[in-house]
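Okay, so here's the structure we're looking at.
The values are calculated or read from the model by the stated rules, or taken from the named source; none is laboratory data. Values in this document were obtained by computation on a predicted structure and should not be read as measured data. Positions of Cβ are backbone-derived with ideal geometry, glycine not excepted, and every protein chain shown enters the neighbour counts. These area figures cover heavy atoms from the full protein model, side chains too; ligands, DNA and RNA do not enter into them. Shrake-Rupley method; radii C 1.70, N 1.55, O 1.52, S 1.80 Å.
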Amino acid sequence: MLGAFDERRRAELVAAFVAVETAAEPVHEARFAALRDPALRRALMEMLARRGRVLQQRRDAWISGYTDAYRVTSLPEAERAVLALVLVHSVAIPRAEGLLGEDTWLSQYPVATEELRRRTLLPIGELEAALRSLRQAGLIAQQKTNEEGAGGYVPGPQFHRLTRAARARLQEELILAAGPQTPLAVAIRAKRRRHEPAGPDGET
């Protein structure tokens, strides 16, 4: 792929590739020619695609992301449970109160550790171990809200890497988990059944 470009453009592509793959936050396009130039950006997208990655835009900034086939299923059960709690309390509840937009999984409303302890049956040691692992993976971040250090947890930088479809699917999963018998949850399950592939006898 890079053989089609001169040395300067190859260097620009490699620099942009490394930046969007390793940055914690979306990279502003002013920093890299390969993010500003449409032709170089197409080449960058192809480089990422060969690794099962996509290039995502956040206004004037860019970051690589997971494909829509990605699932957070490799996490241990305790970590998935704690991550769900953080998402519900730091994103879903503030969104329901009109404090966050519909299409964001980033938040400035941290959930306190004490609240997590009240909302889970996990032993304290398992909860703290799950929080450490999730922080190290970039799936949650610790946020202080005052000079005394009080604060809590919010979704981490890895949520920048979710596509629009993945963000919508995550929202549906939280609705199903938090209110499985609500009308909205029933509608989600019905929609999913309609989109399931039919079996050999026409059954889904």
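Quick look at the numbers
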quantity: Unique match (being surrounded by fewer than 12 Cβ atoms within 10 Å (Cβ to Cβ) and within 22 Å of the chain's Cα centre (by Cα)) among Q143, Q136; calculated: Q136
quantity: From E21, E25, residue being in contact (Cβ under 8 Å) with a residue 60 or more places away in the chain, out of contact with any Asp or Glu (no Cβ under 8 Å at 6 or more places or on another chain) and not assigned by the TED database to the domain that holds P123; calculated: E25
quantity: Residue count, the range 1-40 (criterion: touching a strand residue (DSSP E or B) at 6+ places or on another chain (Cβ under 6 Å) and of a type in the set (F, W, Y)); calculated: 0
quantity: Matching helices (runs of 4 or more DSSP H) fully within the range 1-108 where at least 3 residues are under 23 Å from A137 (Cβ atoms) and either open to solvent by 70 Å² or more (accessible area, probe 1.4 Å) or touching a helix residue (DSSP H, G or I) at 6+ places or on another chain (Cβ under 8 Å) (or both); calculated: 7-22, 77-87
quantity: Which numbered condition E21 misses (of (1) closer than 30 Å to E173 by Cβ; (2) among the charged types (D, E, K, R); (3) out of contact with any Lys or Arg (no Cβ under 8 Å at 6 or more places or on another chain)); calculated: (3)
quantity: The range 146-171, subset farther than 16 Å from P26 by Cα and modelled with pLDDT of 85 or more, residue surrounded by the fewest Cβ atoms within 10 Å (Cβ to Cβ); calculated: G152
